[in-house]
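*Asks:* Pasting a structure below so you can have a look.
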Amino acid sequence: MRFFSFVFISIALFAGSASAEPVFKSDTISSPEGFGKPHGSSMVELENGDILATWFSAGKETDSGARIFGAEWGKKTGAWTKPRVIIPSDYSKSVGNTALFKDDDSIIWLFFAAVRVGGWSGSMVDYVTSPDDGKTWSEGETLVWKLGNLPRNPPIKIGDHTMLVPLFTDFMYEINMVGSYTARLKYSKGKILEKKIARLDDYDAIQPTIVKLPDGRILLLARDKSDRFIRRSYSTDNGSSWASGAITDIPNPGSAISAIFIDEIGATLLAYNHSRKGRNPLSLAVSFDGGQTFRRIVDLESKPGDKEASFSYPVILRTTDGMIHLLWSHDKRATLKHIRFNLDWLIERIKKSAGYTPEKINKP
């Protein structure tokens, strides 16, 4: 209890020093008419503060007509540009999940699932790069040559010209040939110089999201293949190896999650479906102890009793101006919903969810 008192006192002191008011805004993106439903999205900040979003769009998953689209959200306009094709339908048999990363040379990497044959079990992890904030892209290259491999969440920076890419295997899902792993990439000028794979010993963990903690550890949280609870692991050697996977008490209906670390308040922020069955609601939770425990703070989308409602596959991005952006598949994948809020809004949600008032927080 003393730990949580300290956490909320710290939040109150930070909030008291800030002059900004809580900000929360939302909008949506759609694929061009006739090109299917958007899903598997990602975001990255551009040099001018705008945001590039990518996603795949298809009538149904692994359709031969699937494409990867991109659009920019303008920081000044608050609006999205018209979506354009980045990966065309003839690139591969089909395409899937996207994951974006901006490297130390200001080159954008777009990792995506490229289906060679069949469904997701026939997918490999490919990538393209852009030296000009997404205006032009390189020819596609393959990161993982084995079938049944996909990305989901964006890489993180773990050193000079070094990224850690969270990936997973979805080969023959029904007989447990699945699991999470990371690819540690040393790169220069858009080229991979070294690659090291580290696997997580947990066949129930897929679609991992990774977070660098202040103590140097890397936290891995993952979707539960068995539709039970979110999985967790840690690396103490910068992603060269992973501890055995453990189960958390955070419900997961077999749906993707996303997490980042909020330095100012020392918290891991998690977007997930707080449910054991169905992708409804879509919620935010915070952890102040490195991912050991989480507190649910708000439902971003919720339709109680609606078994058909689906809000899924969130991705979180923190931009250099301090704003926090989320993007997810909305309304049965008809559109992508984009929200943005500031730290003051997040702190307000944390206080309200805990049943605290500022007066109580200020008391030891």
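The values are calculated or read from the model by the stated rules, or taken from the named source; none is laboratory data. Note that this is a predicted model, so its numbers are computed, not measured. Cβ placement follows ideal geometry from the backbone for every residue including glycine, while neighbour counts extend to all protein chains displayed.
*Asks:* How many of the residues in segment 34-61 are of a type outside the set (Gly, Ala, Ser), part of a strand (DSSP E or B) and in contact with a Gly (Cβ under 7 Å, 6 or more places away or on another chain)?
*Replies:* Result for segment 34-61: 4.
*Asks:* Follow-up question, since we're still on this one. Going through Lys60, Lys37, Lys25 one at a time, which residue ends up being among the charged types (D, E, K, R), closer than 19 Å to Tyr91 by Cα, touching a residue at least 60 places away in the same chain (Cβ under 8 Å) and out of contact with any Pro (no Cβ under 7 Å at 6 or more places or on another chain)?
*Replies:* On the way: Lys60 fails: touching a residue at least 60 places away in the same chain (Cβ under 8 Å); Lys25 fails: closer than 19 Å to Tyr91 by Cα.
The unique qualifying residue is Lys37.
*Asks:* Name every residue in segment 94-116 that is hydroxyl-bearing (Ser, Thr, Tyr) and in a loop (DSSP other than H, G, I, E, B), in order of residue number. Show your work before the answer.
*Replies:* Going residue by residue through segment 94-116, those that are hydroxyl-bearing (Ser, Thr, Tyr) are 94, 98, 106.
Hit for segment 94-116 is Ser106, nothing else.
*Asks:* Okay, moving on. Just to be sure I understand, how many residues within segment 246-271 are of a type in the set (Asp, Glu) and more than 18 Å from the chain's Cα centre (by Cα)?
*Replies:* Here is the first cut: in segment 246-271, the residues of a type in the set (Asp, Glu) are 249, 263-264.
From what is left, the residues that are more than 18 Å from the chain's Cα centre (by Cα) are 249, 264.
Residues flagged as of a type in the set (Asp, Glu) and more than 18 Å from the chain's Cα centre (by Cα) within segment 246-271 amount to 2.
*Asks:* Next question. Out of segment 139-154, which residues are part of a loop (DSSP other than H, G, I, E, B) and either surrounded by 15 or more Cβ atoms within 10 Å (Cβ to Cβ) or of a type in the set (Lys, Arg) (or both)? Before you say what the answer is, go through the steps one by one.
*Replies:* Taking segment 139-154 and keeping what is part of a loop (DSSP other than H, G, I, E, B), we get 139-140, 145-148, 152-154.
Scanning segment 139-154 gives Gly140, Lys146, Leu147, Gly148, Arg152, Asn153, Pro154.
*Asks:* Need the failing condition index for Asp104 against (1) within 22 Å of Ala334 (Cβ to Cβ); (2) in contact with a His (Cβ under 7 Å, 6 or more places away or on another chain), just the number.
*Replies:* Failed condition: (1).
*Asks:* Now, a different point. Does segment 282-294 contain at least one residue that is acidic (Asp, Glu), surrounded by fewer than 18 Cβ atoms within 10 Å (Cβ to Cβ), touching a helix residue (DSSP H, G or I) at 6+ places or on another chain (Cβ under 9 Å) and within 26 Å of Ile347 (Cα to Cα)?
*Replies:* Looking only at segment 282-294, we keep the residues that are acidic (Asp, Glu), and these are 289.
Within this subset, residues satisfying the condition of being surrounded by fewer than 18 Cβ atoms within 10 Å (Cβ to Cβ) are 289.
Next cut, touching a helix residue (DSSP H, G or I) at 6+ places or on another chain (Cβ under 9 Å) only: 289.
Narrowing the set further to residues that are within 26 Å of Ile347 (Cα to Cα) leaves 289.
The answer is yes, given that some residue of segment 282-294 is acidic (Asp, Glu), surrounded by fewer than 18 Cβ atoms within 10 Å (Cβ to Cβ), touching a helix residue (DSSP H, G or I) at 6+ places or on another chain (Cβ under 9 Å) and within 26 Å of Ile347 (Cα to Cα).
*Asks:* Identify all residues within segment 314-345 that are in contact with a His (Cβ under 6 Å, 6 or more places away or on another chain) and either over 21 Å from Asn153 (Cβ atoms) or not aliphatic (A, V, I, L, M) (or both); write none if there are none.
*Replies:* Ser329, Arg333, Lys337, Arg340
*Asks:* What's the total number of residues in segment 70-95 that are more than 19 Å from Asn153 (Cβ to Cβ) and either under 20 Å from the mean Cα position of the chain (by Cα) or not basic (Lys, Arg) (or both)?
*Replies:* Step one: list which residues in segment 70-95 are more than 19 Å from Asn153 (Cβ to Cβ), which gives 71-85, 88-94.
Now narrow it down to the ones that are either under 20 Å from the mean Cα position of the chain (by Cα) or not basic (Lys, Arg) (or both): 71-74, 77-81, 83, 85, 88-92, 94.
Residues that pass the stated criteria total 17.
*Asks:* Checking Glu72 against (1) acidic (Asp, Glu); (2) under 24 Å from Thr162 (Cα atoms); (3) part of a strand (DSSP E or B): exactly one of these is not met. Which one?
*Replies:* (2)
*Asks:* Could you tell me whether segment 206-227 includes any residue that is surrounded by fewer than 17 Cβ atoms within 10 Å (Cβ to Cβ), in contact with a Pro (Cβ under 7 Å, 6 or more places away or on another chain) and either of a type outside the set (Val, Ile, Thr) or within 30 Å of Trp345 (Cα to Cα) (or both)?
*Replies:* yes
*Asks:* Could you please tell me which pairs satisfy a Cβ distance under 6 Å, a separation of 6+ or placement on different chains, a first residue in segment 251-276 that is among the basic types (Lys, Arg), and a second residue that is assigned to a strand (DSSP E or B)?
*Replies:* Matching pairs, first to second residue: Arg276/Pro251.
*Asks:* Do we find a residue being touching a Leu at 6+ places or on another chain (Cβ under 6 Å) and either surrounded by 24 or more Cβ atoms within 10 Å (Cβ to Cβ) or over 28 Å from Asn342 (Cβ atoms) (or both) anywhere in segment 236-244?
*Replies:* From segment 236-244, those touching a Leu at 6+ places or on another chain (Cβ under 6 Å) are 239, 242; that's our starting set.
From the residues that got through so far, the ones that are either surrounded by 24 or more Cβ atoms within 10 Å (Cβ to Cβ) or over 28 Å from Asn342 (Cβ atoms) (or both) too are 239, 242.
Within segment 236-244, one or more residues are touching a Leu at 6+ places or on another chain (Cβ under 6 Å) and either surrounded by 24 or more Cβ atoms within 10 Å (Cβ to Cβ) or over 28 Å from Asn342 (Cβ atoms) (or both).
*Asks:* Let me ask something else. Taking segment 310-325 as the search range and keeping residues that are polar (S, T, N, Q) and over 22 Å from Lys37 (Cα atoms), which one is surrounded by the most Cβ atoms within 10 Å (Cβ to Cβ)? Please lay out each step first, then the result.
*Replies:* Taking segment 310-325 and keeping what is polar (S, T, N, Q), we get 310, 312, 319-320.
Among the residues that remain, those that are also over 22 Å from Lys37 (Cα atoms) are: 319-320.
Working: Thr319: 17, Thr320: 7.
Looking at the filtered set, the residue picked out is Thr319.
*Asks:* Next up: Is there a residue in segment 56-70 that is in contact with a Leu (Cβ under 9 Å, 6 or more places away or on another chain), among the hydroxyl-bearing types (Ser, Thr, Tyr) and modelled with pLDDT of 95 or more? Lay out the reasoning, then the answer.
*Replies:* In the first step, residues of segment 56-70 are kept if they are in contact with a Leu (Cβ under 9 Å, 6 or more places away or on another chain); the result is 68, 70.
With among the hydroxyl-bearing types (Ser, Thr, Tyr) added as a condition, the list becomes none.
There is no residue in segment 56-70 that is in contact with a Leu (Cβ under 9 Å, 6 or more places away or on another chain), among the hydroxyl-bearing types (Ser, Thr, Tyr) and modelled with pLDDT of 95 or more.
*Asks:* Grab the strands (runs of 3 or more DSSP E) fully contained in segment 175-235, keeping just those with 2 or more residues being at pLDDT 95 or above, on the phi < 0 side of the Ramachandran plot and under 19 Å from the mean Cα position of the chain (by Cα). Full working, then the answer.
*Replies:* On the way: elements: 178-188, 191-199, 205-212, 218-224, 229-235.
The strands (runs of 3 or more DSSP E) meeting that bar are 178-188, 205-212, 218-224, 229-235.
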